[in-house]
Amino acid sequence: MLDDGFGDVLIRPFTACDMTRVLELVAQIRSQDDLMQSAHAQFSAELGRPHEGQVRLVATFKGTVVGTMGAGPGPWPSSQTLWADWLVVDADYRQRGIATLLYAQIEAHALRQGKAYLCLDIGNIDRERAAYLFHQRNGFQVVGQIPDYWGTSEHLHIMAKYLRAGA
Ligand SMILES: CC(C)(COP(=O)(O)OP(=O)(O)OC[C@H]1O[C@@H](n2cnc3c(N)ncnc32)[C@H](O)[C@@H]1OP(=O)(O)O)[C@@H](O)C(=O)NCCC(=O)NCCS
């Protein structure tokens, strides 16, 4: 739900002009790794060679980018599945429904692509409580886990949502 004044949040496709600001948002994800470098490489590759199933969005408030996320074929491409990635809302704008707005567009995109599932690696569910609770609230379940996959206490947790329930 949007608080007063947040009705002006707009969702639009990511462009090259958004790169610097979106990388600032990526820097808000706590990690031992240089996420900005891997995000920059991925976003640049997407801009240079768009893939039909790929989408990357930004949320803007009064012209400023305050959130982002994307989805694409992911590590194991499947006709049934898109993988969501790089979901971040600026710390000053959280719990105002912005991630919910971004996800609504991503889910609509996935359904238009004929997909049945959205998946993501949520990382460490003990540390990233907001992300875990957000996804749980939005119908995702943990379907796989590999402890220390990314490094010590950097677990891989795959969450998945079936998109066609009730369709
Ligand atoms: C996870 C994140 C994207 C959520 O963004 P957001 O815009 O604050 O989420 P929303 O406002 O749409 O939240 C919707 C619901 O999710 C749940 N939720 C969101 N943040 C929560 C928190 N900190 N604690 C508990 N529940 C939370 C609530 O149920 C919330 O509904 P409510 O506000 O009516 O209670 C944001 O906290 C974030 O950017 N975190 C850092 C980066 C990150 O961890 N990204 C995810 C990587 S997988």
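The values are calculated or read from the model by the stated rules, or taken from the named source; none is laboratory data. All figures in this text were calculated on a predicted structure; none of them were measured in a lab. Note that each Cβ is placed from the backbone with ideal geometry, even for glycine, and that neighbours are counted across all protein chains shown. Surface areas here come from the heavy atoms of the whole protein model, side chains and all, with no ligands, DNA or RNA. Shrake-Rupley method; radii C 1.70, N 1.55, O 1.52, S 1.80 Å.
Residues in the range 6-48 that are among the aromatic types (F, W, Y) and at pLDDT below 95: F6 alone. Taking residues in the range 42-59 that are of a type in the set (V, I, T), and partners anywhere that are assigned to a loop (DSSP other than H, G, I, E, B) and open to solvent by less than 50 Å² (accessible area, probe 1.4 Å), the pairs with Cβ atoms closer than 9 Å and at least 6 places apart or on different chains are V55/F14; V58/F14. Determine if the range 18-32 includes at least one residue that is open to solvent by 40 Å² or more (accessible area, probe 1.4 Å), more than 13 Å from the ligand (Cβ to nearest atom) and in a helix (DSSP H, G or I). Yes, the range 18-32 contains a residue that is open to solvent by 40 Å² or more (accessible area, probe 1.4 Å), more than 13 Å from the ligand (Cβ to nearest atom) and in a helix (DSSP H, G or I). May I ask you to verify whether L111 is free of Cβ contacts under 8 Å to residues at least 60 places away in the same chain, open to solvent by 40 Å² or more (accessible area, probe 1.4 Å) and either more than 7 Å from the ligand (Cβ to nearest atom) or in a loop (DSSP other than H, G, I, E, B) (or both)? Spelling it out, L111 is indeed free of Cβ contacts under 8 Å to residues at least 60 places away in the same chain, open to solvent by 40 Å² or more (accessible area, probe 1.4 Å) and either more than 7 Å from the ligand (Cβ to nearest atom) or in a loop (DSSP other than H, G, I, E, B) (or both). Does T60 meet the test of being away from the ligand (no atom under 12 Å from the Cβ), of a type in the set (S, T, N, Q) and open to solvent by less than 30 Å² (accessible area, probe 1.4 Å)? The answer is yes for T60. For A91, the criteria (1) modelled with pLDDT under 95; (2) loosely packed, with under 11 Cβ neighbours inside 10 Å hold in every case but one, which is (1). Residues of the range 145-159 that are in contact (Cβ under 8 Å) with a residue 60 or more places away in the chain and either under 19 Å from A71 (Cβ atoms) or surrounded by fewer than 12 Cβ atoms within 10 Å (Cβ to Cβ) (or both): G151 alone. In this structure, does G53 turn out to be over 23 Å from W150 (Cβ atoms), out of contact with any Leu (no Cβ under 6 Å at 6 or more places or on another chain) and open to solvent by less than 50 Å² (accessible area, probe 1.4 Å)? Answer is yes for this residue. When restricted to residues that are more than 9 Å from the ligand (Cβ to nearest atom), surrounded by 15 or more Cβ atoms within 10 Å (Cβ to Cβ) and not polar (S, T, N, Q), the range 114-128 contains 6.
Here is a yes/no grid of residues against (1) at negative phi; (2) within 13 Å of the ligand (Cβ to nearest atom); (3) of a type outside the set (V, I, T); (4) under 13 Å from the mean Cα position of the chain (by Cα):
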{"residue": "S78", "(1), (2), (3), (4)": "yes, no, yes, no"}
{"residue": "L82", "(1), (2), (3), (4)": "yes, no, yes, yes"}
{"residue": "L87", "(1), (2), (3), (4)": "yes, yes, yes, yes"}
{"residue": "D92", "(1), (2), (3), (4)": "yes, yes, yes, no"}
{"residue": "A104", "(1), (2), (3), (4)": "yes, yes, yes, yes"}
{"residue": "I146", "(1), (2), (3), (4)": "yes, no, no, no"}
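Summed over the range 129-144, residues that are surrounded by fewer than 17 Cβ atoms within 10 Å (Cβ to Cβ), within 11 Å of the ligand (Cβ to nearest atom) and within 17 Å of W83 (Cβ to Cβ) total 1.
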